[in-house]
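Heads up: the structure comes next, in structure tokens.
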Amino acid sequence: YAYHTKDDEDITDDNVIYLKIIPNIKKKLSSSEDYFEVPISEFVLDRFEKESLMAALENSGRMLIGSEVEIVDPEVKYFTINIILRYFDNVDKSSISSNIRSVLNKYFLNINRSDIIPKSDLISLIENIEGVDTCDVFFLSKENEMAKKNGYYYDSYGLMIPVMKNEDPQIGFDAYGNIVMDKGCVYIPRGGWKDANDNYYTVTPEEGKLGPLNIFFHTPVDSTSYNIEMQRKLNNLMK
């Protein structure tokens, strides 16, 4: 992701093109890992990778005269994914959980958006999994939870903004609860921190503990009568 800062008040770097480059995580996975277990260090370039990329750019002959290129180290922002399920009572919960993790692993390995991480994408994927009727998804971010816990946060200008008791500043979220991605940051579902209510989230998923991916089986659905009724409605629509 390439960007400039010509729209800020600092004119000293208007000729600089900043590059936020995220390694291809799929090529860094071991046979026993998925996206939720990859070490954080793999999401940023090391010194050798940066030097190799800069050399390739300089040798390409495509750099504009008078412009500079700088590869930035993106700020890592952590969040958790929380899923509330209405599920069919004849399907094994562990199978549903495993399939959810599998489809989200594939999603995050292939996502190339740079504006938001939309809840709707995840909901659509999860509701297509066998055994899931409907679901809701909400994110928690470390940054927002720390602001609620500490009672303040700093805005982009370095000013301290107070957070009142029971206020949710929704830092990093849009009005729909989607994660808004800042151009200089990389967003990773990881724990290793506590929320405003002092609940601890493990760094990677662990059985029976809160972590970066949490699945709550909320409402069981009678699969037999439900499926019969849904099939009847579908048959009527197809006539």
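Quick one: would you say I21 is open to solvent by less than 60 Å² (accessible area, probe 1.4 Å) and at pLDDT below 90? Steps first, answer last, please.
Numbers: open to solvent by less than 60 Å² (accessible area, probe 1.4 Å): yes; at pLDDT below 90: yes.
Answer is yes for this residue.
Of the residues N144, N214, which single one is at pLDDT 95 or above, in contact with a strand residue (DSSP E or B) (Cβ under 6 Å, 6 or more places away or on another chain) and open to solvent by less than 40 Å² (accessible area, probe 1.4 Å)? Don't jump to the end; show me each part of the working.
Working: N144 fails: in contact with a strand residue (DSSP E or B) (Cβ under 6 Å, 6 or more places away or on another chain).
Unique residue meeting the criteria: N214.
Hey, any hits in the stretch 62-71 for a residue that's in contact with a helix residue (DSSP H, G or I) (Cβ under 6 Å, 6 or more places away or on another chain) and closer than 30 Å to R101 by Cα?
No - not one qualifying residue is present in the stretch 62-71.
Need pairs with beta-carbon distance below 6 Å; first residue free of Cβ contacts under 8 Å to residues at least 24 places away in the same chain and within the stretch 137-166, second in a loop (DSSP other than H, G, I, E, B) and exposed (fewer than 11 other Cβ atoms within 10 Å of the Cβ); sequence gap 6+ or separate chains.
Between residues of the stretch 137-166 that are free of Cβ contacts under 8 Å to residues at least 24 places away in the same chain and residues that are in a loop (DSSP other than H, G, I, E, B) and exposed (fewer than 11 other Cβ atoms within 10 Å of the Cβ), the close pairs are I161/D155.
Is there any pair with a first residue in the stretch 102-122 that is more than 13 Å from F139 (Cβ to Cβ) and free of Cβ contacts under 8 Å to residues at least 24 places away in the same chain and a second that is in a loop (DSSP other than H, G, I, E, B) and of a type in the set (S, T, N, Q) whose Cβ atoms are under 9 Å apart and which are 6 or more apart or on different chains, and what are they?
Final answer for the pair search is none.
From the list G131, G177, G172, pick out the single residue that is surrounded by 13 or more Cβ atoms within 10 Å (Cβ to Cβ) and farther than 18 Å from Y78 by Cα.
Numbers: G177 fails: farther than 18 Å from Y78 by Cα; G172 fails: farther than 18 Å from Y78 by Cα.
Residue meeting the stated conditions: G131.
Anything in the stretch 183-198 that is without any contact (Cβ under 8 Å) to a residue 60 or more places away in the chain, surrounded by 13 or more Cβ atoms within 10 Å (Cβ to Cβ) and either touching a His at 6+ places or on another chain (Cβ under 8 Å) or part of a loop (DSSP other than H, G, I, E, B) (or both)? List them, or say none. Write out each step before concluding.
Initially, the stretch 183-198 is screened for residues without any contact (Cβ under 8 Å) to a residue 60 or more places away in the chain, giving 194-198.
Going one step further and asking which of them are surrounded by 13 or more Cβ atoms within 10 Å (Cβ to Cβ), we end up with 194-196.
Answer for the stretch 183-198, where residues must be without any contact (Cβ under 8 Å) to a residue 60 or more places away in the chain, surrounded by 13 or more Cβ atoms within 10 Å (Cβ to Cβ) and either touching a His at 6+ places or on another chain (Cβ under 8 Å) or part of a loop (DSSP other than H, G, I, E, B) (or both): D195, A196.
Quick check: is even one residue across the stretch 72-88 open to solvent by less than 40 Å² (accessible area, probe 1.4 Å) and more than 30 Å from Y200 (Cβ to Cβ)?
Yes, that holds for at least one residue.
Can you name the condition, by its number, that Y1 falls short on among (1) touching a Lys or Arg at 6+ places or on another chain (Cβ under 9 Å); (2) open to solvent by 50 Å² or more (accessible area, probe 1.4 Å); (3) among the hydroxyl-bearing types (S, T, Y); (4) within 30 Å of S98 (Cα to Cα)?
Here Y1 meets the rest and fails (4).
Among (1) touching a residue at least 24 places away in the same chain (Cβ under 8 Å); (2) open to solvent by 50 Å² or more (accessible area, probe 1.4 Å); (3) more than 22 Å from G184 (Cβ to Cβ), which single condition is F36 missing?
(2) is the only condition that F36 fails.
The values are calculated or read from the model by the stated rules, or taken from the named source; none is laboratory data. Given the structure is predicted, the values throughout are model-derived calculations rather than measurements. Cβ coordinates were reconstructed from backbone atoms using ideal geometry, including for glycine residues, and neighbour counts include every protein chain displayed. We work out accessible area using only protein heavy atoms, side chains counted, and drop any ligands, DNA or RNA first. Shrake-Rupley method; radii C 1.70, N 1.55, O 1.52, S 1.80 Å.
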